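Peer 1: First, the structure itself, so that you have it in front of you.
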Amino acid sequence: MSEGFRWHRENNDLKATHSFACCAGSGFFCKFEFVTNFNAMGAPNRVLIITYYWPPSAGSGVQRWLKFAKYLPDFGWEPVVFTPENPDFDLKDETLLAEIPAQLEVLKFPIWEPYQLFRKVKRQEIKDTSIILEQKRKSFLDRLAIWLRANTLVPDPRVFWVRPSVKYLTDILAANDFKAVITTGPPHSMHLIGRGLKRATGIPWVADFRDPWSSWEFLDTLPMISLVRDRHNQLEHSVFREANALVTISPTFQKEMQELAQREVYLLTNGFDGSDLPMGFARAPLPSQVFEIVYTGVIDSIRNPIPFLKALKHVFEASGMPVRMTFVGRVSETVKAFVAEDGWLVQNVLFTGYVNHEVVFGYYEKAHLLLLILTDTKNARGNIPGKLFEYLATNRRILALGDPLGDSAKLIHEAEAGKVISHLAEQEIVSYLTLAQSLRNIPPPQTGLGQFERRQITQSLAEILDDL
């Protein structure tokens, strides 16, 4: 006996066909189909997802909810995404637009951000606050921008979008049969929209924290007065108290949030989507005389690859073995200057700048070793970057610099995918580079990765929504 299930549309109605087929011993074949019209039943349930970052914005925060929106219909939930019409972000990847499911409804609403006003005053492009903070020399206007960001824009510069969005969405919810609302932050202003909708309509609300709020390391870099810090705490506790469900991305963040909120917090890690790998992607590195090491993502003030670069030079300059270290993504000027001052590194380190997500897989395919630089800050133990799961999907060995007892280290160890070494343990990095070079053509065993498939994680999200 075989069983099948499929969704389909017929005359604008969403229906599900549940089929059973059997074959009797005499060779007689029979098939039964039960068709359910879910529109007539008021199902599948509609859920409103509120996110600032959405294609063409790039980054793991985009991937997380793009994939949830892709797979939620498989579990009886029809997502509708609400996002700014004119967001102000630096990194864009136009190719991600093609990954938005054709049937997904996306609502876009105008946003006003103070960067637009400050840009007119300064008469030049305004950089993200995190980029300005990295600069050793800051102009008076830069310092003013940072102070204003810290003390007048609470919880973040997107706060001006909260009231108009609540008003707009209250009318939307009244006219449509939504069963739940999900907000994802940072920016944590998105949670204030969820709070406003919950207060106005009583709709069940799930708050997803990709980073902490009051304990977020980024806030510690800002010149924030104590009254403002207290305000962050108050807003955070109101979200913890009023949301129907709280979600976060790592075991450490989960534990910390549970202690702050004094209630259950669900763990939904990021993951990988096997369908993202290009057709014919090589499961082992391509033949090459050069030992290829690849890092993808951002290198900034809290992700320092310089100890690794020193170890790289130590191993390969002395041996004469050909090596190439490729950084794919935005790299801080400090690291670029360090490389530029060293003749050997200049010859063996490549900076590609930002490339589209689909192009990244070409770098993965030729890599013998993938480098991961984790943060070295107070949130480091709970830091599991989204790209780690993509690294795992490529079946390449991973060397990560970070907390050997952190959540990323446990994940890599349990998956038998590589090793996490403390940022400053240069001799240990040297030893692992030597080992990785000798194993260059042997993929790691990698076990237990199925639990990190995006579809399976989405099933867990759907179960949380069902319980509401």
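Peer 1: Looking at the chain only, what percent of DSSP beta bridges run antiparallel? Nearest 5 please.
Peer 2: 30 percent
Peer 1: I would also like to ask the following. Check residue 299: other-chain or 5+ apart residues with amide H under 5 Å from its amide H, H built from backbone geometry?
Peer 2: 330, 331, 332
Peer 1: Which of the residue pairs 67/179; 313/336; 310/387 have a Cα-Cα distance greater than 18 Å in the structure shown?
Peer 2: Distance filter (> 18 Å) returns 67/179; 310/387.
Peer 1: Give, as a single signed number, the net charge of other residues whose beta carbon lies under 12 Å from the beta carbon of residue 238, with Lys and Arg counted +1 and Asp and Glu -1.
Peer 2: +3
Peer 1: What's the FRET efficiency of residue 344 with residue 222 using the Cβ-Cβ distance as r and R₀ = 51 Å, to the nearest 0.05?
Peer 2: The formula returns an efficiency of 0.85 here.
Peer 1: On a full-extension model of 0.36 nm per residue, what is the gain between residue 214 and residue 264, subtracting their alpha-carbon distance, rounded to one decimal in nm?
Peer 2: So the extension gain works out to 16.2 nm.
Peer 1: Enumerate the calculated ³J(HN,Hα) couplings along the stretch 355-372 in order (Karplus 6.51 cos²θ - 1.76 cosθ + 1.60, θ = phi - 60°), each rounded to whole Hz, writing x wherever the residue is Gly or Pro.
Peer 2: Listing the rounded values in order: 10, 4, 4, 5, 6, 4, 5, x, 6, 4, 5, 8, 6, 8, 9, 9, 9, 10 Hz.
Peer 1: Just to be sure I understand the model, the point goes 7 Å from the Cα along the line to the Cβ. What's the resulting residue 351 to residue 422 distance in nm?
Peer 2: Those two pseudo-labels are separated by 3.0 nm.
Peer 1: To continue, here is another question. Taking a cut-off of 14 Å between Cα atoms, list the aspartates and glutamates near residue 378, but don't count ones fewer than 8 places away on the same chain.
Peer 2: 211, 217, 220, 256, 403, 407
Peer 1: Would you mind checking the radius of gyration and Dmax of the chain based on alpha-carbon positions, in Å?
Peer 2: 24.3, 88
Peer 1: Stretched out fully, how many nm does the piece from residue 199 to residue 414 gain, at 0.36 nm a residue minus the Cα gap?
Peer 2: Gain on extension, residue 199 to residue 414, equals 73.1 nm.
Peer 1: Before anything else, pin down the relative contact order of the chain: Cα pairs under 8 Å, at least 6 apart, normalised by residue count, whole percent.
Peer 2: Rounded, it is 13 percent for the chain.
Peer 1: Separate question: Can you give me the long-range amide H partners of residue 92? Hydrogens built in the peptide plane at 1.01 Å from N, cutoff under 5 Å, separation of 5 or more residues or another chain.
Peer 2: Answer set, sorted by chain and number: 58.
Peer 1: Could you please state, rounded to a whole Å, how far the C-alpha centre of the stretch 273-289 is from the C-alpha centre of the stretch 206-245?
Peer 2: The two parts, judged by their Cα centres, are 41 Å apart.
Peer 1: Per residue of the chain, what 222 nm ellipticity follows from adding -39500 (n - 2.57) for every DSSP H run with n ≥ 4, rounded to the nearest 500?
Peer 2: -11500 deg cm²/dmol
Peer 1: State the Cα centre-to-centre distance between the stretch 87-115 and the stretch 378-455 in whole Å.
Peer 2: Between the Cα centres of the stretch 87-115 and the stretch 378-455 lies a distance of 31 Å.
Peer 1: Once fully extended, how much extra length lies between residue 405 and residue 100, figured as 0.36 nm per residue of separation less the alpha-carbon to alpha-carbon distance?
Peer 2: Answer, rounded to one decimal: 106.1 nm.
Peer 1: Which ³J(HN,Hα) values in Hz, rounded to whole numbers, follow from the phi angles of the stretch 94-111 under the Karplus curve 6.51 cos²θ - 1.76 cosθ + 1.60, where θ = phi - 60° and Gly and Pro get x?
Peer 2: 5, 5, 5, 4, 6, 8, 5, x, 4, 8, 6, 8, 10, 9, 10, 9, x, 10
Peer 1: At 1.4 Å probe size, with every protein chain present, just tell me what the per residue accessible area of the chain comes to in Å².
Peer 2: Per-residue accessible area for the chain comes out at 46 Å².
Peer 1: Right, something else. Estimate the FRET efficiency between residue 86 and residue 377 by the formula 1/(1 + (r/R0)^6), using the beta-carbon distance for r and 30 Å for R0, to the nearest 0.05.
Peer 2: It comes to 0.40.
Peer 1: Under the Karplus relation 6.51 cos²θ - 1.76 cosθ + 1.60, θ = phi - 60°, what is the ordered set of whole-Hz ³J(HN,Hα) values for the stretch 262-273, x standing for Gly and Pro?
Peer 2: Coupling constants for the stretch 262-273: 6, 7, 5, 10, 7, 9, 10, 5, 6, x, 10, 10 Hz.
Peer 1: Skipping prolines and chain starts, which residues have an amide H placed within reach, meaning under 5 Å, of the one on residue 379, given they are 5 or more residues away or on another chain?
Peer 2: 217
The values are calculated or read from the model by the stated rules, or taken from the named source; none is laboratory data. From a predicted model like this one, the values you see are computed outputs, not experimental measurements. Reconstructed Cβ throughout: ideal geometry from the backbone, glycine too, with neighbour counts over all protein chains shown. Note: accessible area is taken over every heavy atom of the protein model, side chains too, but ligands, DNA and RNA are not part of it. Shrake-Rupley method; radii C 1.70, N 1.55, O 1.52, S 1.80 Å.
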